[in-house]
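In what follows, a single structure is set out as structure tokens and then discussed.
Coordinate-derived values only; no laboratory data. Since this is a predicted model, take the numbers as computed values, not measurements. Cβ coordinates were reconstructed from backbone atoms using ideal geometry, including for glycine residues, and neighbour counts include every protein chain displayed.
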Amino acid sequence: MTAVRNLYAEFVRTFGNVLFAVSLFVVWGILTLIGVVVDQGQDPSAYFAAYSAPIARAIVRLSFDNVYHSPWYVGIIGLILLSLTVCTFKRVIPARLPPLRAVKIDAMPLHAFLDVAGDPAAVRAQVAAFFRKRGWQLRERLLGGAEWTFCDKHNWARRGVLIAHLGFVIVAAGTTLYWARGFSGQVPIVTGRSVTIPQTKALIRLNRFRYTIDPIATKSGIVYQPIDYVSHVTVVGKSGIPKNEVVRVNHPIDIDGTLYYQASYGFGIRFAVTHDGKPVPALADRTYLEGETLDLPGSARSIVYQRFVPTVDRATGAPTADPRVNNPAAILTVQADGGALGTALVPMRSWIDVGGGWRVTPARYVLYSGFQYRYDPGIPLVGIGAFVLLAGLIISFYLLPARLYVRVDPAPVGARVGVAATTVKGYDLYENEFAQLVVQLRGATQ
């Protein structure tokens, strides 16, 4: 039993330590930041393309590609809740809700004695009426043969920290609900095409996409500022009824509780491919997005569509910063056996010979719209929890609960009233108010 008690004491000492709790919050914040910085839910190849190999391997192996569902994230939330529970019941409640007990009044930093003429019982009633009239909550106890009156003001505010802890628990519950039932993802949709969202089976067709560019003249030159992206879509949800919707930046649409955001846009390319002068129709039906590879059948060579260039300078033949389409081209990389042979800027409707009788022509560009979608059933809980947490912090910081220990004893000339005060925030904050209260009490009992 001694070993168990020692283990329990060590557990309480560790999880009830404020520095330990703060450390857990720091780790939680770092994991959350990783989830913001690192794109979530991508294919492992996307991380190897975006990061160096060691970092990409760490992201995949440590589940940082799905960090909010990882055991590290859920585990740290569990440890935080455990630490909050221990702190609440072993530190906060005993400190914030002290028991009613007798004290040595003259040993308290804030104390005063008043000598009052009159019967002690009458003086005790007079003192009680004084505090009750001023909104104090009174409780009387007989302790050690002496009658004590305990006066509390804003006593309910002692629970401000408990309310703040409850708010965090509600926030954690909302986060856990997202971990259990929520999901998110990204999907590009080519103009005129439809996609089905795998998690919800919702169908989205992109009818038309447009963007607006605002050229701004600055000292360093013209800056092309995108000011609007707009996707006109037809959606089919669980009802099976097609609906026309418009998706703009910061104005998502809601399909059966899942929000779809306008995140990006780009240009897809359709290629015309010939082999020994003969068209290969099978390769002309697909629209390729940036980063995708066109594999040449029966050949070790392939074409990677790197980037769309909306405007090529006609004088120099170099790409410009103008994102408006005017003399477009595509940047293509030729590969053989997995190695790059070279990269070329190929204007639309011109061609590149890649060897072996293969010729590839960027025949047509098509706009596509990139959507992010997210279903988070925990949002209402997180909102409620944030409100409760804020309310608890306001109560804790802006209200000052105080307790008075009052004892009336017989004295040679009548009665002696002893008053001592404590607060949850130290004595200095209440010193002036206590002095005024003593003056008022002296005047009311004379």
Quiz item: Between TYR398 and ALA173, what length comes free when the chain is fully extended (0.36 nm per residue of separation minus the Cα-Cα distance, one decimal in nm)?
Solution: 78.3 nm
Quiz prompt | Positive-end residue, the stretch 268-365 charge dipole about Cα centroid, Cβ charges, pick of GLY298, PRO281, LEU341 | solution = PRO281
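Among all helices in the chain defined by DSSP H, which have a length of 15 Å or more along the axis from Cα atoms plus a Kyte-Doolittle mean of at least 1.6?
Working: long enough: 2-15 (20 Å, 0.19); 18-37 (28 Å, 2.68); 71-87 (23 Å, 1.97); 120-133 (19 Å, 0.36); 160-181 (32 Å, 1.39); 379-398 (28 Å, 2.30); 431-445 (21 Å, -0.05).
TM-like helix candidates: 18-37, 71-87, 379-398.
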Quiz item: Roughly how many debye, to the nearest 20, is the charge dipole of the chain about its Cα centre, given +1 on each Lys and Arg Cβ, -1 on each Asp and Glu Cβ, and no other charges?
Solution: 900 debye
Exercise. Within the stretch 291-335, find all residues whose amide N lies under 20 Å from a label point positioned 7 Å from the Cα of ASP353 along Cα-to-beta-carbon.
Key: 296-297, 299-304, 332-335
Quiz item: Measuring from label point to label point, each 7 Å out along Cα→Cβ, what is the ALA49 to VAL26 span in nm?
Solution: 3.7 nm
Exercise. DSSP loop (so not H, G, I, E, B), at most 10 other Cβ within 10 Å: list which trypsin sites (Lys or Arg not before Pro) in the stretch 33-132 pass both filters.
Key: LYS104
Exercise. Sequence neighbours fewer than 8 away in the same chain don't count; with that in mind, list the aspartates and glutamates whose C-alpha is under 19 Å from LYS238.
Key: ASP254, ASP256, ASP376
Quiz item: In nm, to one decimal, how far is the LYS238 label point from the TRP72 one, both placed 7 Å along Cα→Cβ?
Solution: 3.5 nm
Practice problem: Have a look at SER83, SER184, SER302 and tell me which one the Gaussian network model of the chain (Cα, springs below 10 Å) gives the largest fluctuation. | Solution: SER302
Practice problem: State the extension gain, in nm to one decimal, for the chain segment bounded by ARG61 and ALA217, taking 0.36 nm per residue of separation less the distance between their alpha-carbons. | Solution: 51.5 nm
Quiz item: So, in nm, how far is label VAL103 from label GLN137 when the simple model puts each one 7 Å beyond its Cα toward the Cβ?
Solution: 1.7 nm
Exercise. Find which of PRO362, THR316, VAL123 sits farthest along the positive direction of the dipole of the chain, computed with +1 on the beta-carbon of Lys and Arg, -1 on that of Asp and Glu, about the Cα centre.
Key: VAL123
Quiz item: Label 7 Å along Cα→Cβ of ASP256; the stretch 154-184 residues with amide nitrogen under 20 Å?
Solution: 178-184
Quiz prompt | 30 Å Cα-Cα reach of LYS153 towards lysines, excluding residues that sit fewer than 8 places from it in its own chain | solution = LYS90, LYS104, LYS133, LYS425
Self-check item: Order of LYS133, LYS153, LYS219 - criterion: other Cβ atoms within 10 Å of each residue's Cβ, fewest first
Solution: LYS219, LYS133, LYS153
Quiz item: Which one of SER396, ALA386, PRO410 has its Cα pushed farthest toward the positive end of the charge dipole of the stretch 367-438, where Lys and Arg give +1 and Asp and Glu give -1 at the Cβ?
Solution: PRO410
Self-check item: Under 23 Å from the Cα of LYS243 - lysines, other chains or at least 8 residues apart
Solution: LYS201
Quiz item: If you line up the Cα atoms of the chain on their principal axes, what length do they span on each, largest first, in Å?
Solution: 123, 58, 52
Quiz prompt | Gained length - VAL246 relative to ARG13, 0.36 nm times residue gap less alpha-carbon distance | solution = 78.2 nm
